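The values are calculated or read from the model by the stated rules, or taken from the named source; none is laboratory data. Here the structure is a predicted model, which means the values were calculated and not measured. Backbone-built Cβ (ideal geometry, glycine too); neighbour counts: all protein chains shown.
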Amino acid sequence: MSLGRVLARQGRLDEAMVAWRQALAIQPDMAEAHANLSRALKLAGRTEEAAAACRKAIALQPDLAEAPANLGEVLFEEAAHLEQLGCLTEAEAAQRRLHALFPRLPGPLLNLGRLLARQGRLDEAIAAWRNALAIQPDMAEAHANLGGALKLTGRLEEAAEACRKAVALKADLAEAHSNLGEVLRELGRLAEAADACRRAIAIRPDYAEAHVNLGEVLRELGRLAEAADACRRAIAIRPDYAEAHVNLGAVLSAQGRLDEAADTCQQATRLNPSDPKAWKMLSLAHGQLGDVEEAENSFERAIGLDPGDPDLFRNLLSVSVYRDDIDSERLRQLHQRFGTAFARPFKALSARDTSPSRRLRIGYLSSDLRGHPVAGNLLPVLRHHDRQAFSLHFYAHVRNPDETTAEFRAQADGWQDIVGLDDEAVAARIRADGIDILVSLAGRLDDNRPQVCAWRAAPIQVSMHDVATSGLAEMDYIIGDRWLLPRRSDEFFTERPLRLPFFYIAEYPGDLASLATAREPGPVSFSCFNNPTKITPTTLALWGKILAALPQAVLVLKYRQDYQSGELRARFLKAMAAEGADAGQVRFVTEAASFADLMGLYNQVDVALDPFPFSGSTTTFQALSMGVPVVTWPWDRMASRWTASMLHALDLDGLIAGNGEEYVRIAVETAQDAHAWRLRRGDIRARLENSALCAPARWARHLERLYRAMWRRYCSAAFAP
C-alpha cells in the first residue's frame with residue numbers, strides 16, 4: 001500500500017497500480033487501496049476502470065474522505081468522454097450519479113440539462129436548469145441554456161427573460177446573445193434581434209450559430225444579400241452545418257435563384273436527414289421549380305420526422321391544390337388527415353350573450369395584416385364596417401409589421417400580437433376576449449394559423465380567402481360566391497358554404513398605367529404572370545397546342561425573378577415543345593419589376609392565359625385592370641374558379657372554357673381577334689372599376705348580413721329544446 005503511494009509520487013503510475021492491485025489481492029476490502037488505484041487509473045486515462053475502482057471504495061467505506069471527490073472527478077470526465085462519443089444515455093447516467101454524490105453543486109445539473117436537451121427531452125432539461133439556478137442563481141450559462149430550451153417549447157417571453165438575465169450576468173457569453181437574437185426574431189422584433197446576433201459574433205467571430213441566426217433575421221428584413229453572406233460565413237466556419245445550408249436555401253429562393261436554392265437544400269438533407277426543416281425547405285424549393293409531386297414527397301418526409309408541426313401539414317395542403325394529377329377524393333383524404341391530426345378537446349363554447357341583435361365582436365386571425373393581397377382585400381372592407389353593429393378585433397401573426405399593419409391597428413377595437421404564443425394560448429385569449437365570430441383568413445398560406453380554430457376559440461368560426469376546405473371539423477363556415485362554391489359540387493368541405501353575390505377582390509387601383517388601345521404591328525402575344533408553381537404539366541401541354549396553332553405567336557412568362565432558373569425554363573420549353581411549340585416562341589422575363597413596370601408589361605401583350613387547377617386571383621385582377629382578356633378553364637374545385645368568378649362579374653363569360661379543347665380554341669380565337677380586343681380595353685377596365693369586384697362598401701354590407709345570419713342561426717340553436 002505504502003509502496004504504491006511512493007511510486008505514484010515519483011510518477012511511476014503503472015508500477016503504483018501493480019502495487020495496489022497486489023495489496024488488493026491480499027485484502028480485497030481495502031477501501032483506501034481502491035481509491036488510490038482509481039486516482040492512478042484516472043491519471044492514466046483509463047476512465048471506466050477508474051470509475052469502477054472509486055465505486056468499490058465508496059461501497060466498502062462510504063465515509064472515505066477522498067473517494068467521493070475523486071469519484072466526482074472521474075465521473076465528470078467519464079460523462080464528458082461519453083458525450084463526445086455520442087453515448088448520451090450513458091453520459092446522462094454519469095451526470096445523475098454526480099448529482100447524487102454532490103446535490104449542492106450546480107455543475108452536474110447544468111450538464112445534465114444539456115444532455116437532456118440534446119436528446120429532445122426539453123421539459124426535463126428545463127427542470128434540470130431551473131434546479132441548477134435554484135442552487136446558484138447567478139449561473140449565466142444555465143440562464144442561457146434555459147432561454148434556448150424555452151424558445152423551442154414556444155415560451156418566447158420567458159425565453160427572452162432568461163437570455164437577458166444571462167447577458168446581464170455575463171456580458172461576454174456569446175451563446176446568450178445568440179439565443180436572445182433568435183428569441184427576438186421569433187417575437188418579430190427584428191432590429192433588436194439583429195443587434196443581439198451581431199453582439200454574439202463580436203464576442204466569438206467563429207460562432208456559426210450566431211451567423212445563421214443573423215442571416216435568418218436579415219432575410220426576414222428583406223436584406224437578402226447580407227443574409228446570404230451571413231449564411232455563407234457560417235458554412236465557411238462549419239461546412240457540415242445543415243441549418244446554415246437550409247437558411248441559405250431560403251435566401252436564394254427569395255432571390256429567385258431557384259436552382260441554387262434546390263441544390264443547397266438538397267445538401268442540407270444529406271448533411272442532416274433527420275431535420276424536418278431541411279426537408280421542408282427542399283419541398284418549397286421543388287414547389288417553386290414546379291415539381292409539386294417531389295414537393296409533396298419532401299413534405300411527407302418532414303411530417304414523418306415532426307408529425308406535430310401544423311405548418312408542415314398546411315404546406316402539404318397548399319401543395320395539393322397546385323397539382324393536376326390528383327382527384328377530388330385524394331384532396332378530401334389530405335384535408336381530413338389534417339383535421340384528424342390537429343383535432344383538439346375543446347368541442348363546445350357557449351356565447352356569453354345570445355341576444356340576436358346585439359353588437360357582435362368579430363375577430364380576424366391572420367398573418368397577412370401587412371403589405372399583402374389579402375390585406376388589400378380586407379382593409380377597404382373594414383373601413384365600411386358598421387361599427388355600431390360590429391366590434392373589430394385582430395389576432396395578428398405579423399413578424400415584420402409595416403404601414404399597412406398600422407392601418408389595421410387604427411381600425412381595431414382590439415389588437416393582439418400572437419407571435420410567440422402557441423395555438424392553445426391564442427385560442428384562450430380569443431375566448432377571454434368574448435369573440436363571437438372568428439374569421440380565419442387564407443388559412444393554408446403564408447404563416448397563417450387555422451389550427452387555432454381546432455381549440456374552438458369562438459362560438460362561430462369562419463374560413464375566408466382560402467382556396468379549399470380547412471379540413472377542420474371546428475370550422476363552421478367557408479365564404480365564397482356562387483361560382484367559387486357552386487351548389488351542385490362534389491368538392492369536400494368540412495364547413496358549410498356561404499355564398500355572396502360576388503367575391504370582392506380589391507379596391508380599384510388608383511395608380512394604373514394608361515391603356516395602349518392601339519395595337520403595334522407584330523406577332524400576337526400571350527402572357528402569364530402567375531407563380532410558376534401554378535403552371536402544371538396539363539397547363540403547359542395546352543399552351544404548347546396554342547402556340548403550335550399560331551406559329552408566329554409568342555408567350556411572355558414572368559414571376560418575380562423565378563425564371564432565372566435554367567431548370568425551370570428547360571422543363572417548361574420541353575413540355576410545350578412536345579405539343580408542337582417552338583422554343584423561340586417563349587420569352588422569359590427574369591428581371592425584377594416594380595408594380596408600375598409590371599402593369600406596363602400588360603400593354604405589350606394581347607391575351608392572358610390562366611393556369612389550372614389553381615387559377616389566378618390577384619394576377620387576373622391586374623390583367624383585367626389593364627383591359628387584357630384572360631382565358632380560363634375552371635375545374636371541379638374552388639381553387640380553379642377565381643378567374644371564372646371575376647369574368648362572370650364582368651359579363652366576360654365567353655372567355656371561360658368547359659374543357660381543355662375549348663381552352664385552346666378560345667385562346668386561339670381571342671388572339672386572332674387581338675385588334676378588336678385591344679379596342680375593348682377601356683371597356684373592360686371600366687367594367688371592372690364599376691363592378692362588385694371593386695365595391696368595398698357594398699361587399700361590407702353583404703358580409704355583415706352573412707355574419708348576422710350566422711349569429712341568429714347560432715342563437716336559435718342555443719335556445720332550441
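So the values come out like this:
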read-out: Region 539-567, residues that are within 31 Å of the chain's Cα centre (by Cα), closer than 23 Å to Thr632 by Cβ, in a helix (DSSP H, G or I) and not β-branched (Val, Ile, Thr); value: Leu540, Asp562, Tyr563
read-out: Inter-residue pairs, beta-carbon under 7 Å, first assigned by TED's automatic domain parsing to the domain that holds Lys558 and in region 572-595, second hydroxyl-bearing (Ser, Thr, Tyr) and in a helix (DSSP H, G or I), 6+ apart; value: Phe588/Tyr563; Val589/Tyr563; Thr590/Tyr563
read-out: Selection count where residues are of a type in the set (Asp, Glu) and either touching a residue at least 40 places away in the same chain (Cβ under 8 Å) or in contact with a Ser or Thr (Cβ under 8 Å, 6 or more places away or on another chain) (or both), scope region 621-669; value: 1
read-out: Selected residue (only one of Leu369, Leu378 is within 28 Å of Cys694 (Cα to Cα), in a helix (DSSP H, G or I) and aliphatic (A, V, I, L, M)); value: Leu378
read-out: Residue list for region 434-465, filter: more than 22 Å from the chain's Cα centre (by Cα) and surrounded by fewer than 23 Cβ atoms within 10 Å (Cβ to Cβ); value: Gly434, Arg456, Ile460
read-out: Residues satisfying the stated conditions in region 487-498, i.e. without any contact (Cβ under 8 Å) to a residue 24 or more places away in the chain and buried (at least 18 other Cβ atoms within 10 Å of the Cβ); value: Pro497
read-out: Failed criterion for Gly215 (all others in (1) modelled with pLDDT of 95 or more; (2) not in a helix (DSSP H, G or I) hold); value: (2)
read-out: Residue list for region 128-172, restricted to those being in contact (Cβ under 8 Å) with a residue 12 or more places away in the chain, under 18 Å from Gln95 (Cβ atoms) and surrounded by fewer than 17 Cβ atoms within 10 Å (Cβ to Cβ); value: Arg130, Ile135, Gln136
read-out: Failed item in (1) in contact with a helix residue (DSSP H, G or I) (Cβ under 8 Å, 6 or more places away or on another chain); (2) buried (at least 24 other Cβ atoms within 10 Å of the Cβ); (3) not in a loop (DSSP other than H, G, I, E, B), with Ala581 passing the rest; value: (3)
read-out: Entirely in region 52-125, the helices (runs of 4 or more DSSP H) that have 2 or more residues that are modelled with pLDDT of 60 or more and touching an Asp or Glu at 6+ places or on another chain (Cβ under 9 Å); value: 88-101, 107-118
read-out: Meets criteria (among the charged types (D, E, K, R), outside the structural domain of Gly584 (by TED's automatic domain parsing) and either in a helix (DSSP H, G or I) or modelled with pLDDT of 90 or more (or both)) for Arg519; value: no
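Residues checked against (1) of a type in the set (S, T, N, Q); (2) under 30 Å from Ser391 (Cα atoms); (3) crowded, with 17+ Cβ neighbours inside 10 Å:
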{"residue": "Phe313", "(1), (2), (3)": "no, no, yes"}
{"residue": "Ser328", "(1), (2), (3)": "yes, no, no"}
{"residue": "Arg332", "(1), (2), (3)": "no, no, yes"}
{"residue": "Gly339", "(1), (2), (3)": "no, yes, yes"}
{"residue": "Pro345", "(1), (2), (3)": "no, yes, no"}
{"residue": "Thr354", "(1), (2), (3)": "yes, yes, yes"}
{"residue": "Arg361", "(1), (2), (3)": "no, yes, yes"}
{"residue": "Gly371", "(1), (2), (3)": "no, yes, no"}
